[in-house]
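Okay, so here's the structure we're looking at.
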Amino acid sequence: MKITHFNRYECDSKTKAFFSIETHEGIVIKGFKLVLGVKWLFMSSPSHFSQKEQKWFDDVYIPKELNEPLEQEVIFLYNVYPTIEEKETSESQKEELDLPF
């Protein structure tokens, strides 16, 4: 499996990023989130809220042996992927370097 369509969420929220996962067979599963918990970041599977039972249910189950390395990868990606401000700064620095004089 690999992480695709990674998007940071730049708001004052516990949700820090949204991303999709693509299986080796080419199936893309959307709706994953990276969430800031009480002590650390964790990966949240796509889920839905049941009005009848008033609770959330996971729509996708990932076994622990696959979940842990995937969670580590998305946290690494979150730490490496630039924020909007960092991206704008690096692009302006790149433009400065590309000047012909």
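The values are calculated or read from the model by the stated rules, or taken from the named source; none is laboratory data. None of the values given here were measured: they were computed from a predicted structure. Here the Cβ positions follow ideal geometry from the backbone for every residue, glycine too, while neighbour counts run over all protein chains shown.
When Pro69, Pro100 are checked against the criterion of being surrounded by fewer than 12 Cβ atoms within 10 Å (Cβ to Cβ), at pLDDT 90 or above and not in a strand (DSSP E or B), Pro69 stands alone in meeting it.
Close Cβ contacts (under 9 Å, 6 or more residues apart or on different chains) running from residues in the stretch 64-83 that are of a type outside the set (Ser, Thr, Tyr) to residues that are surrounded by fewer than 10 Cβ atoms within 10 Å (Cβ to Cβ) comprise Ile75/Trp40.
Look at the stretch 31-45: where a residue is part of a loop (DSSP other than H, G, I, E, B) and a partner is polar (S, T, N, Q), sitting 6+ places away or on another chain with Cβ atoms under 9 Å, you get Ser45/Asn67.
The residue pairs whose first member lies in the stretch 15-29 and is on the phi > 0 side of the Ramachandran plot, whose second member is surrounded by 10 or more Cβ atoms within 10 Å (Cβ to Cβ) and among the acidic types (Asp, Glu), and whose beta carbons are closer than 7 Å, counting only pairs six or more residues apart or on different chains, do not exist in this structure.
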